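Engineer: After the structure tokens below, expect a handful of questions from me.
The values are calculated or read from the model by the stated rules, or taken from the named source; none is laboratory data. It should be emphasised that the depicted structure is a prediction, and the values quoted were computed from it without experimental measurement. Neighbour counts run over all protein chains shown; Cβ positions are idealised from the backbone, glycine included. Ligands, DNA and RNA are excluded from the accessible area calculation, which covers all protein heavy atoms including side chains. Shrake-Rupley method; radii C 1.70, N 1.55, O 1.52, S 1.80 Å.
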Amino acid sequence: MQKTIVVIAVLLVILGGWYLARSKSEPGNIKVGFIAPLTGDASALGVATKAAVEVAVEEINNSGGINGSKLKVIYEDGQCNAKAAVTAGNKLISIDKVPVIIGGLCSTETSAFAPAAMQNKVLVFSPCSSAPSLSNLGKYFFRSYPSDAYQGKFAAEYAYNDLKARKVAIGYHISDWGTGIKEIFETRFKELGGQVVAEEGAPQDARDYRTLLGKLKAAKPDLIYLPTYPDGGIVAITQANELGIKTKIFGGDGWDDPKFVKAVSGKGDLIFSVAATREPAGEFRQKVLAKTNGEQVPLCAPQAYDNLKMLAEVMKKVGLDPDKMQAELRSMHYDGVSGSISFDKNGDLTTVAYVVKRIENGTVVEIK
Amino acid sequence: MGILVQLVLNGLIAGAIYALIALGFNLVYATARFFNLAHGALAAVGGYSVFYFGQKLGLPLWVAVLLGILIAGLVGWALNKFIYEVLRGRQASNTVLLVASLGAFTVIQAIIAIIFSSQFQTLTRGFETRVYEIFGGVITQNQLIIMGLTVAISILLYLFLRFTVMGRMVRAISDDVEAARVVGIPVNRVIGLVFFIASAIAGLGGIMVGFETGIEPTMGMSLLLKGVIATIIGGIGNPFGGVLGGVLLGLIENLGIWKISAEWKDAIAFAVLILFLLLRPSGILGKKK
């Protein structure tokens with residue numbers, strides 16, 4: 001009796017496995033991976049980016065898909081940290097066997113899962129990661145978001161030439177993004193003849209910045225450069241305001257987040273630099289806002305939408321072969337909702353421009 | 001001069017929060033004799049209750065705060081009643097209780113994340129906080145309230161333990177649980193009450209952190225770690241040792257990063273812990289064994 005049960009159980013497991021394995025490779029679908037922080041720090045950006053990808057999927061599938069096949073995106077949560085991103089990446093690469101991954105958002109995510117993707121010849125197309133170190137990942141890596149090699153340099157030049165700052169104090173989040181942008185800023189600012197009077201890093205999940213800020217304040221800078229992620233940034237700006245810091249505070253593109261802007265508005269003289277992308281408009285904007293119930297399409301969402309649209313064109317043309325896909329993508333010149341996109345040999349954008357925005361009255365205004 | 005005053009103030013603010021967590025943690029240890037790791041999660045329970053009642057349902061702030069404290073207390077009481085008491089009844093060792101409390105911590109944290117998502121949220125009080133200047137340093141009204149509450153609760157707890165019948169029972173159990181049982185003290189009921197009080201204080205700590213910085217489901221772990229370090233520095237088994245330890249830890253951390261980079265704050269805290277474990281394991285106010 002017991003033997004029969006064991007035999008039946010084994011048969012069921014085998015049959016179940018075969019069925020699952022079979023349904024995995026159903027012919028009608030092309031699977032695309034997606035990694036972004038859907039929870040945790042920077043999740044506001046991740047959720048909006050996911051909405052933008054959903055919009056792109058609907059549009060592609062409603063207009064015939066990829067030569068008849070439908071696109072299916074598998075959304076994974078990278079949580080803006082390395083551990084979660086690696087788990088997500090491994091699942092997409094070895095279980096779902098996706099040919100391409102859109103993501104990650106945070107540089108920390110991308111630098112964690114992308115090396116495995118490179119080895120498995122999975123195309124990684126990030127809409128948001130900006131750490132300069134990612135440029136050397138490999139030939140299957142692309143990003144439609146500019147490297148901070150540009151942003152840090154731009155910010156230093158803006159601080160020195162336009163804001164006439166000579167003594168800068170820097171507070172930053174220790175991460176691939178924060179440390180990367182800080183170092184480039186510092187090098188360029190010193191080259192220009194400026195002085196970095198204080199420099200303090202904090203983990204990105206720190207929630208007490210009082211002493212860090214106190215030290216920056218005590219150095220009496222003309223400008224505080226504060227490239228932080230939005231969640232920790234909210235706390236840091238609030239505490240800076242409480243400490244009576246009146247110095248102008250200059251942030252990075254991490255601040256281009258509606259939740260952040262709302263929370264810190266009115267708590268100081270706040271500006272930040274961000275890549276000059278086309279203001280998301282028209283149908284795309286309407287559709288994303290309808291999905292997120294938001295008032296603003298944050299950065300990276302337009303890029304993610306363009307990423308999927310570009311990949312769809314590439315797949316239509318050359319199929320799913322990774323080498324053909326990367327060659328096709330590299331030679332592409334695309335005019336999307338985020339701007340015009342073309343790549344250099346590292347998969348970085350060839351042309352980048354930045355703007356500076358001021359936070360006031362709960363919203364952002366571009367400084368001309 | 002200004003920076004030194006500010007560092008001391010920052011240390012006192014952080015210390016007051018650590019002290020609130022250590023106070024309850026230590027009280028539980030004094031009676032139930034194990035490290036209740038779930039204590040940290042109760043701070044998150046308090047913070048999120050205020051977020052739910054105050055911000056989602058729009059109840060008046062004082063109602064939301066009272067509910068938050070009450071719910072944290074009840075959750076702590078329930079943990080004891082339905083997990084720890086059952087295990088104690090089976091003569092489970094302290095290690096088993098510790099592992100069970102780690103499990104409870106993880107489950108509570110997960111439940112909060114499922115209900116409210118893992119996003120960082122700020123608790124707003126609906127009015128601007130005032131800022132006061134003291135000898136070149138600044139402190140906000142909110143931070144003064146935190147310090148005041150820590151002092152007030154420490155005094156109330158002292159009076160409770162010293163002068164009420166219930167408080168004497170708590171001390172009796174803390175001295176010798178078998179003897180207390182023999183003379184007819186309802187040990188389990190008293191421990192239940194201790195859990196309620198300790199957890200309610202942790203909940204209040206979480207609420208204060210929420211007003212001060214913000215809340216996230218994982219906030220309990222860092223609070224717990226600092227609370228445990230404060231407890232060990234100050235003297236384990238002596239609730240007021242925890243308060244002293246909390247304030248000291250806050251000061252050491254913040255003064256320690258005056259000359260070195262602020263990113264090493266946690267490293268300083270744990271270095272102090274190791275020093276105490278090696279040189280004075282019973283802590284400042286702890287009984288020598």
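Engineer: What distance in nm lies between label points placed 7 Å from Cα along the C-beta direction at residue A:220 and residue A:90?
Structural biologist: Output for this residue pair reads 5.4 nm.
Engineer: Moving on to the next point. What does the average come to when, for each residue of peptide A:140-148, you count the partner chain Cβ atoms lying within 10 Å of its Cβ?
Structural biologist: Average neighbour count from other chains, rounded to a whole number: 0.
Engineer: Then there is this: Distance between Cα centroids, the range A:88-124 to the range B:214-289: provide it in whole Å.
Structural biologist: Their Cα centres are 40 Å away from one another.
Engineer: In nanometres, what is the gap between the two model label sites at residue B:264 and residue B:115, each 7 Å from Cα along Cα-to-Cβ?
Structural biologist: Spacing of the two 7 Å Cα→Cβ label points: 4.2 nm.
Engineer: Rounded to the nearest 20 Debye, what is the dipole magnitude of the protein assembly as shown about its Cα centre when Lys and Arg each give +1 and Asp and Glu each give -1 at the C-beta?
Structural biologist: Dipole of the protein assembly as shown, to the nearest 20 debye: 1520 debye.
Engineer: May I ask you to rank A:96, A:77, A:222, A:335 by accessible area, largest first, using a 1.4 Å probe over the protein chains only?
Structural biologist: Order by accessible area, largest first: A:335, A:222, A:77, A:96.
Engineer: Continuing with the same structure: Using a ≥ b ≥ c from the Cα gyration tensor of the protein assembly as shown (square roots of the eigenvalues), is it rounded, prolate or oblate, where a/c under 1.5 gives rounded and otherwise the larger of a/b and b/c decides, a/b for prolate?
Structural biologist: Verdict is oblate for the protein assembly as shown.
Engineer: Along the charge dipole of the protein assembly as shown, which of B:108, A:71, B:97 sits closest to the positive end, that is, farthest toward it, with unit charges on the beta carbon of Lys, Arg, Asp and Glu (+1, +1, -1, -1)?
Structural biologist: Comparing the listed Cα positions along the dipole, B:97 ranks first.
Engineer: While we're on this one: With the dipole of chain B worked out from charges on the C-beta (+1 for Lys and Arg, -1 for Asp and Glu) around the Cα centre, which of B:202, B:140, B:87 lies farthest toward the positive end?
Structural biologist: B:87
Engineer: Also, quick follow-up: Is the range A:141-266 rounded, prolate or oblate when judged by the Cα gyration tensor, a ≥ b ≥ c being the square roots of its eigenvalues, rounded requiring a/c under 1.5 and prolate requiring a/b larger than b/c? Each step should come with its number before you reach the end.
Structural biologist: On the way: a/c = 1.58, a/b = 1.07, b/c = 1.47.
Oblate.
Engineer: Could you do me a favour and compute the accessible area per residue for the range B:112-202, 1.4 Å probe, result in Å²? List each step's numbers first, then the result.
Structural biologist: Numbers: 4890 Å² over 91 residues.
So the range B:112-202 comes to 54 Å² accessible per residue, rounded to a whole number.
Engineer: Considering only C-alpha atoms, what is the centroid distance from the range B:72-121 to the range A:164-233, in Å?
Structural biologist: Measuring centre to centre over Cα atoms gives 40 Å.
Engineer: Which listed residue (A:119, A:303, B:267) has the Cα farthest towards the positive end of the charge dipole for the protein assembly as shown, taking +1 on Lys and Arg C-beta and -1 on Asp and Glu C-beta about the Cα centre?
Structural biologist: Projecting each Cα onto the dipole axis, the largest value belongs to B:267.
Engineer: Treating the beta-carbon of each Lys and Arg as +1 and of each Asp and Glu as -1, no other charges, what is the dipole magnitude of chain B about its Cα centre, to the nearest 20 debye? Write down the numbers at each step before the final one.
Structural biologist: Details: 19 positive and 11 negative charges, 161 e Å.
Its charge dipole is roughly 780 debye.
Engineer: What part of the accessible area of the range B:34-86, given as a whole %, is carbon or sulfur when the probe is 1.4 angstrom?
Structural biologist: On the way: 1640 of 2100 Å².
Answer for the range B:34-86: carbon and sulfur cover 78 percent of the accessible area.
Engineer: Given R₀ = 41 Å, FRET efficiency for residue A:116-residue B:106 by Cβ-Cβ distance, to 0.05?
Structural biologist: After rounding, the FRET efficiency stands at 0.90.
Engineer: Sticking with this structure for a sec: Provide the FRET efficiency to the nearest 0.05 for the residue B:179-residue B:85 pair, computing r from the beta carbons and using R0 = 25 Å.
Structural biologist: 0.80
Engineer: Then there is this: What distance in nm separates the simple spin-label points at residue A:366 and residue A:161, each placed 7 Å from Cα in the Cβ direction?
Structural biologist: 1.8
Engineer: Separate question: Please report the accessible area of residue A:205 (heavy atoms, 1.4 Å probe, ligands and nucleic acids excluded) in Å², nearest 10.
Structural biologist: 100
Engineer: At a cut-off of 10 Å², which residues of the range B:204-238 become less accessible once all protein chains are present than in their chain alone, using a 1.4 Å probe?
Structural biologist: Output list: B:212, B:213, B:216.
Engineer: Which whole-number value in Å² is the accessible area per residue of the range A:276-368, probe 1.4 Å?
Structural biologist: Working: 4550 Å² over 93 residues.
It amounts to 49 Å² per residue over the range A:276-368.
Engineer: Per residue, how much accessible area does the range A:199-264 have with a 1.4 Å probe, in Å²?
Structural biologist: 24
Engineer: If you don't mind, there's one more thing I want to ask. Please compute the contact order of chain B in relative form: average sequence separation of alpha-carbon pairs under 8 Å and at least six residues apart, divided by the residue count, as a percent.
Structural biologist: Details: 494 pairs, mean separation 107.6, N = 289.
Worked out over chain B, it gives 37 percent.
Engineer: In degrees, nearest 10, range 0 to 90: what is the angle between the Cα axis of helix A:301-318 and the longest Cα principal axis of chain A?
Structural biologist: That helix lies at roughly 40 degrees to the long axis.
Engineer: Let me ask you something else. Set the Förster radius R0 to 51 Å, insert the Cβ-Cβ distance between residue A:62 and residue B:165 as r into 1/(1 + (r/R0)^6), and round the FRET efficiency to 0.05. List each step's numbers first, then the result.
Structural biologist: Numbers: r = 74 Å, r/R0 = 1.46.
Given R0 = 51 Å and the Cβ-Cβ separation, E is 0.10.
Engineer: Using a 1.4 angstrom probe on the protein heavy atoms only, line up A:333, A:173 by accessible area, largest first.
Structural biologist: Output order, biggest surface exposure first: A:333, A:173.
Engineer: Follow-up question, since we're still on this one. Give me the percent of the accessible area of the range B:113-215 that comes from carbon and sulfur atoms, probe 1.4 Å, all protein chains in place.
Structural biologist: The C+S portion of the solvent-accessible surface of the range B:113-215 is 65 percent.
Engineer: Now for a separate question. Where in the range A:223-253 does accessible area fall by at least 20 Å² between the isolated chain and the complete protein assembly, at a 1.4 Å probe radius?
Structural biologist: Relative to the lone chain, where solvent access is computed with a 1.4 Å probe, the range A:223-253 loses at least 20 Å² at A:231, A:234, A:235, A:242, A:243.
Engineer: Once the Cα atoms of helix A:107-119 and of chain A are each reduced to a long axis, what angle between those two axes, in degrees from 0 to 90 to the nearest 10, is obtained?
Structural biologist: Its long axis makes an angle of about 40 degrees.
Engineer: For chain B, find the longest principal axis of its Cα atoms and tell me its angle to the long axis of helix B:2-32, 0 to 90°, nearest 10.
Structural biologist: 10
Engineer: Other chains' Cβ within 10 Å of B:243-255 residues: what's the mean?
Structural biologist: For this peptide, the per-residue mean of nearby foreign Cβ atoms is 1.
Engineer: Could you please state how large a percent of the accessible area of the range A:84-202 is carbon and sulfur, counting protein chains only and using a 1.4 Å probe?
Structural biologist: Taking all protein chains in place, the range A:84-202 shows 50 percent carbon and sulfur surface.
Engineer: Moving on. Going down the list A:91/A:324; A:153/A:217; A:31/A:309; A:70/A:316, which pairs span over 18 Å between their C-alpha atoms?
Structural biologist: Working: A:91/A:324 24 Å; A:153/A:217 24 Å; A:31/A:309 14 Å; A:70/A:316 11 Å.
Long pairs (Cα-Cα over 18 Å): A:91/A:324; A:153/A:217.
Engineer: Sticking with this structure for a sec: Quick one: how many Å² of residue A:279 are accessible to a 1.4 Å probe, rounded to 10?
Structural biologist: 120
Engineer: Would you work out the charge dipole size for chain A about its Cα centre, treating the Cβ of every Lys and Arg as +1 and the Cβ of every Asp and Glu as -1, and quote it to the nearest 20 debye?
Structural biologist: Values: 43 positive and 40 negative charges, 73 e Å.
Its charge dipole is roughly 340 debye.
Engineer: Could I ask something else about it? In what sequence, largest accessible area first, do B:4, B:9 appear using a 1.4 Å probe? Working shown, then result.
Structural biologist: Values: B:4 70, B:9 20 Å².
The residues order as B:4, B:9, largest area first.
Engineer: With a 1.4 Å probe and every protein chain left in place, tell me how much accessible area residue A:63 has, in Å² to the nearest 10.
Structural biologist: Residue A:63 has an accessible surface of roughly 80 Å² with all protein chains in place.
Engineer: Would you mind giving the total buried accessible surface between chains A and B, with a 1.4 Å probe and ligands, DNA and RNA left out, rounded to the nearest 100 Å²?
Structural biologist: Details: alone 15810 and 13710 Å², together 27460 Å².
The contact between B and A buries close to 2100 Å².
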